[in-house]
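The values are calculated or read from the model by the stated rules, or taken from the named source; none is laboratory data. Since the structure is predicted, the reported quantities are computational estimates derived from the model, not experimental observations. Cβ coordinates were reconstructed from backbone atoms using ideal geometry, including for glycine residues, and neighbour counts include every protein chain displayed.
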Amino acid sequence: MEKVPTISTRLNIEWKMKKTVLAFVLLQISSAPLLTAQFHWRVVNPSPSDTALYSVHVFDAENAIVVGDTGTIKRTTDGGISWRTIPSGTKVRLSKVRFLNPSIGFIAGGNPDGNQPLLLKTTDGGETWREIDTKGNRVFFDVWFHSEDTGFVVGQHGIMRATMDGGKTWASIDAGFNENNIFSIHFPSRRIGYICGNAGSVAKTTTGGTSWHKQSSWKNNALFSVSFANDSVGIIAGDGVILGTTNGGKEWEARFADFPITSPLMHAVHVDPSTAYIVGWFGYIIASRDSGKSWQLQEWGGSSLLEELGFYGKRVGYAVGWEGTILKTMDGGGLVAREVDPAPFAINLRALYPNPLSLGTHRSVRVEFSLSSSGNAAVDLLDVLGRPVRRIAAQRFSQGTHIVPWEPSELPPGVYRLRLSSASHSIVRPLVVVR
């Protein structure tokens, strides 16, 4: 039976689950900095948030962009140590971000209640965005551009629109989905592409998107994401189901994990023909080394509702989800042996003085730490729940010992955490403030 037949049904599920898991998610995120050594994925923004993140694009090891609810666009240029908000000019949901090259990118989205689609474009690598009028009235879930001129948007109630002139004009294309949502579009090559959506719907084009023919997935589940490593090898992630093909979709077969899958799987991605990843609700991150035939769970110590992940190469990956969750891996979630940097970057938070801090006596705190090599690092003050209170320092430091003075003016008494973090390491120490 179709579990997520419409966007409104999915929204109802989202809000019910959000109320149920919020407290547990907050606990997991707030404690994540203390657990990073145990897992191959780590939280890089340990501050709980009401903003769900739905999509991520990874430029390289240091640069990534995430998008989500209420027009949220955030960017990191230091490997996840800090995230800067970029104005989007809108407050609607941003569902998908894709880049054609390092400069040109697109964001698809819209009001979840319908009748307010949105397509944004950047030509400066994501620093500024402008709206492209698609002259439609159905929400977009995904976008794909072959070039700056030729592209597609897909979404609510089977909508597919195409442009050949960079968005100046648009034509509707009937992909045969009727009123079923199209959640995902992927082109492994210029002429061959795939889409998937509600009621087990899958379709393929061999004409570059001008015409589509339905494929049988034999599953009636909602299918949220399709990814192909090449024209033949592909996977689909859906509501409690994984489908795979090795013959371009002539046959779609159920693929199984080494554990039961009962939650929606929201996004699938290939990093090469053999290696693929899927993320889903309740913290699912699963990986395959055999072209999607079998899957193994990757632990990260949390249970957030994850929506998407992206990779730079085989090692550097980010995953995003509800409550503002952003995760990062530096070794493919443990699938790839971690490379040793020419100068390994290790950190050590050596001293806090004074601690406890008496506001009536001491006007400053001395934070002393050491780095085994030069690199970007940040010092942040967190509250007892792991939420950011103040950024003390964030810059590129040289190798060796550093002392950062800090004046904690107007800081209420209580128990805090002082966190020293780099792109791949994090360490936390308590700080007690008294009057």
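Identify all residues within segment 183-209 that are polar (S, T, N, Q) and touching a strand residue (DSSP E or B) at 6+ places or on another chain (Cβ under 8 Å); write none if there are none.
In the first step, residues of segment 183-209 are kept if they are polar (S, T, N, Q); the result is 184, 189, 198, 201, 205-207.
Within segment 183-209, S184, N198, S201, T205 meet the criteria.
What's the number of the only condition in (1) crowded, with 20+ Cβ neighbours inside 10 Å; (2) within 30 Å of G386 (Cβ to Cβ); (3) at pLDDT 95 or above that G80 fails to meet?
Condition (3) is where G80 drops out.
Within segment 188-204, take every residue that is of a type in the set (S, T, Y) and within 22 Å of V139 (Cβ to Cβ) and give me the one that is farthest from the chain's Cα centre (by Cα).
Within segment 188-204, the subset of a type in the set (S, T, Y) is 189, 194, 201.
Narrowing further to those that are within 22 Å of V139 (Cβ to Cβ): 194, 201.
On the way: Y194: 22, S201: 25 Å.
Out of the qualifying residues, it is S201.
Taking segment 274-298 only, how many residues are among the hydrophobic types (A, V, I, L, M, F, W, C), assigned to a loop (DSSP other than H, G, I, E, B) and under 17 Å from G310 (Cα atoms)? Quick ask: steps written out before the conclusion?
Here is the first cut: in segment 274-298, the ones among the hydrophobic types (A, V, I, L, M, F, W, C) are 276, 278-279, 281-282, 285-287, 295, 297.
Checking the rest, the ones that are also assigned to a loop (DSSP other than H, G, I, E, B) come to 281-282.
This time we only want the ones that are under 17 Å from G310 (Cα atoms), so: 281.
Here the count works out to 1.
What pairs can you find where one residue is in segment 90-108 and within 15 Å of T72 (Cα to Cα), the other is of a type in the set (F, W, Y) and not in a strand (DSSP E or B), and their Cβ atoms are less than 8 Å apart, with a gap of 6+ or different chains?
Pairs found: I107/W129.
Considering only segment 49-77, state which residues are farther than 24 Å from L100 by Cβ, in contact (Cβ under 8 Å) with a residue 40 or more places away in the chain and surrounded by fewer than 20 Cβ atoms within 10 Å (Cβ to Cβ). Reasoning before the result, please.
Let us first name the residues in segment 49-77 that are farther than 24 Å from L100 by Cβ, namely 49-52, 69-70.
Pick out the ones that are also in contact (Cβ under 8 Å) with a residue 40 or more places away in the chain and you get 49-52.
Selection gives S49, D50, T51.
Each row is one residue, and each column tells you yes or no for (1) crowded, with 16+ Cβ neighbours inside 10 Å; (2) assigned to a strand (DSSP E or B); (3) modelled with pLDDT under 65.
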| residue | (1), (2), (3) |
| --- | --- |
| G333 | yes, no, no |
| A337 | no, no, yes |
| L352 | yes, yes, no |
| G360 | no, no, no |
| F369 | yes, yes, no |
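Against the condition under 12 Å from V154 (Cβ atoms) and crowded, with 22+ Cβ neighbours inside 10 Å, how does V202 come out, does it pass? Outline the logic, then answer.
Working: under 12 Å from V154 (Cβ atoms): no; crowded, with 22+ Cβ neighbours inside 10 Å: yes.
Against the criterion (under 12 Å from V154 (Cβ atoms) and crowded, with 22+ Cβ neighbours inside 10 Å), V202 does not qualify.
Of these, I427, I403, which one is closer than 21 Å to G79 by Cβ and either assigned by TED's automatic domain parsing to the domain that holds F369 or in contact with a His (Cβ under 9 Å, 6 or more places away or on another chain) (or both)? Talk me through it step by step, then tell me what you get.
Details: I403 fails: closer than 21 Å to G79 by Cβ.
Just one listed residue meets the conditions, I427.
Test T325 against the stated conditions and say whether it is at pLDDT 70 or above and assigned by TED's automatic domain parsing to the domain that holds V43. Please lay out each step first, then the result.
Working: at pLDDT 70 or above: yes; assigned by TED's automatic domain parsing to the domain that holds V43: yes.
For T325, the condition - at pLDDT 70 or above and assigned by TED's automatic domain parsing to the domain that holds V43 - is met.
Inside segment 387-406, can you point out the residues that are in a loop (DSSP other than H, G, I, E, B) and surrounded by 11 or more Cβ atoms within 10 Å (Cβ to Cβ)?
Step one: list which residues in segment 387-406 are in a loop (DSSP other than H, G, I, E, B), which gives 387, 398-399.
Across segment 387-406, the qualifying residues are R387, Q399.
Just checking, how many residues over segment 314-334 are closer than 15 Å to A268 by Cα and out of contact with any helix residue (DSSP H, G or I) (no Cβ under 8 Å at 6 or more places or on another chain)? Break it down into steps so the answer makes sense when it comes.
Within segment 314-334, the subset closer than 15 Å to A268 by Cα is 314, 317-321, 332-333.
With out of contact with any helix residue (DSSP H, G or I) (no Cβ under 8 Å at 6 or more places or on another chain) added as a condition, the list becomes 318-321, 332-333.
Final tally of qualifying residues: 6.
Could you please let me know if E148 is surrounded by fewer than 21 Cβ atoms within 10 Å (Cβ to Cβ) and in contact with a helix residue (DSSP H, G or I) (Cβ under 7 Å, 6 or more places away or on another chain)?
Numbers: surrounded by fewer than 21 Cβ atoms within 10 Å (Cβ to Cβ): yes; in contact with a helix residue (DSSP H, G or I) (Cβ under 7 Å, 6 or more places away or on another chain): no.
Here the answer is no, as E148 does not meet what is asked.
Which one of the conditions (1) within 23 Å of I104 (Cα to Cα); (2) over 22 Å from the mean Cα position of the chain (by Cα); (3) among the acidic types (D, E) does E179 fail to meet, given that it meets all the rest?
Single failed check for E179: (1).
Give the residues of segment 84-95 that are under 18 Å from T122 (Cβ atoms) and either surrounded by fewer than 19 Cβ atoms within 10 Å (Cβ to Cβ) or in contact with a Cys (Cβ under 7 Å, 6 or more places away or on another chain) (or both), sorted by residue number.
Answer for segment 84-95, where residues must be under 18 Å from T122 (Cβ atoms) and either surrounded by fewer than 19 Cβ atoms within 10 Å (Cβ to Cβ) or in contact with a Cys (Cβ under 7 Å, 6 or more places away or on another chain) (or both): R84, T85, I86, P87, G89, V92.
Pull up segment 275-287, narrow it to residues that are touching a residue at least 24 places away in the same chain (Cβ under 8 Å) and of a type in the set (S, T, Y), then point me to the one that is farthest from G197 (Cα to Cα).
Across segment 275-287, the extreme among qualifying residues is T275.
Checking the structure you have, find out if any residue of segment 112-129 is surrounded by 18 or more Cβ atoms within 10 Å (Cβ to Cβ), among the small types (G, A, S) and on the phi < 0 side of the Ramachandran plot.
So the first thing to find is which residues in segment 112-129 are surrounded by 18 or more Cβ atoms within 10 Å (Cβ to Cβ), and the list is 117-122, 126, 129.
Among the residues that remain, those that are also among the small types (G, A, S) are: 126.
Imposing the further condition that a residue be on the phi < 0 side of the Ramachandran plot reduces the set to none.
No; the residues of segment 112-129 include none that is surrounded by 18 or more Cβ atoms within 10 Å (Cβ to Cβ), among the small types (G, A, S) and on the phi < 0 side of the Ramachandran plot.
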